[in-house]
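See below for the structure under consideration.
The values are calculated or read from the model by the stated rules, or taken from the named source; none is laboratory data. Keep in mind it's a predicted model, so treat the numbers as computed, not measured. Cβ: placed from backbone, ideal geometry, glycine included. Neighbour counts: every protein chain shown.
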Amino acid sequence: MEKKLKQLTDRIHYLPHDPETDRPILSAICGTHQTLIIDTGNSAKHAKLFLNELDRCQIKNHHAVVLTHWHWDHSFGANEMNKFTIAHEHTKTHLEKMVEYDWTDEALADRVEKGLENSFCSEMIKKEFGADRDITIALPNITFKDKLEIDLGGIQCVVKHVGGDHSDDSSLIFAKEEKVLFLGDCLYPSIYTQQPQYKVDNVRHLLENIEMFDADVYVLSHEPLLAKEDFKGYINLLKLICNLTEKHERNHLNLVNELSAQLNRKLSQLEEEVVYCFMNGL
């Protein structure tokens, strides 16, 4: 995958996601006074790559980083990044639990068995860190409850807690003047349940929160960037599946048939997976 910083707008740069070891997008919002970094990466190596890229592009004044949520791929670079870190209060609680964790193969396998770790994440941690896993969990310096506004000079950023099935601490970041909304992983299904799932009420609540922001570009951490129209299409699909899940309840076939009829085509693999997650959430 591309390991070079890309420019999204005049004042926003990002390092694309890399599925090889599940590295999410890392971003920098550059105001006239300060630069805010979004997420710290999945390892010291990932954080270092990003910081080197900021240097190469002469992006300075990055004093602070905000975490979208606690999951390893977004937070394990914090120690290396060594910045003033902002996170939701639940994010801190989750990270505090991990401070004492051991990262050997045995410890990871044990946590996977107990449901404390996801098997995909476990494999990716092994891949990213290799055999010598020197993992230090750095805790955030400041936490917030609902919402935080940050003035970077010429750019106002709103950090808002939205929760959702993927992680109860998920927060989004809206760069007002640039009309870019950073969603982290909030729109993904749960990963710490036996099967990935969406719950109708959680999804509706999440979508209400997201729709409060008038963005032109939407950044999901493990996807290519989405323009407004494409994102709207995705949101409308989720709303439709919410309604059909309530209507058909556990009748998977009826739900798929009606969804397919409404879309006037066969479902894509992604749509099949989304329906499956809603079924699991019932």
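If you go through the range 217-236 and keep only what is in a helix (DSSP H, G or I) and either in contact with a helix residue (DSSP H, G or I) (Cβ under 7 Å, 6 or more places away or on another chain) or at positive phi (or both), you end up with just Ile235. Within the range 125-154, being basic (Lys, Arg) and touching a Lys or Arg at 6+ places or on another chain (Cβ under 6 Å) holds for one residue alone: Lys147. Scanning the range 167-181 for residues that are surrounded by fewer than 24 Cβ atoms within 10 Å (Cβ to Cβ) and either part of a loop (DSSP other than H, G, I, E, B) or over 15 Å from the mean Cα position of the chain (by Cα) (or both) yields Asp168, Lys176, Glu177, Glu178, Lys179.
The residue that is surrounded by the fewest Cβ atoms within 10 Å (Cβ to Cβ), counting only those in the range 247-261 that are over 30 Å from the mean Cα position of the chain (by Cα) and within 15 Å of Leu237 (Cβ to Cβ), is Ala261. Going through (1) in contact (Cβ under 8 Å) with a residue 60 or more places away in the chain; (2) farther than 24 Å from Gln194 by Cβ one by one, Arg133 falls short only on (1). Going through (1) within 30 Å of Asp22 (Cβ to Cβ); (2) at pLDDT 95 or above; (3) not basic (Lys, Arg) one by one, Asn264 falls short only on (1).
Within the bounds of the range 255-274, is there any residue that is assigned to a helix (DSSP H, G or I), β-branched (Val, Ile, Thr) and in the same structural domain as Gln156 (by TED's automatic domain parsing)? Looking through the range 255-274, none of the residues is assigned to a helix (DSSP H, G or I), β-branched (Val, Ile, Thr) and in the same structural domain as Gln156 (by TED's automatic domain parsing). Just one of (1) at pLDDT 95 or above; (2) small (Gly, Ala, Ser); (3) under 29 Å from Glu20 (Cα atoms) fails for Gly153. It is (3). A count restricted to the range 127-159 and to residues that are closer than 13 Å to His90 by Cα and surrounded by 15 or more Cβ atoms within 10 Å (Cβ to Cβ) stands at 4. Summed over the range 2-61, the residues that are of a type in the set (S, T, N, Q), more than 20 Å from the chain's Cα centre (by Cα) and more than 20 Å from Phe174 (Cβ to Cβ) give a count of 3.
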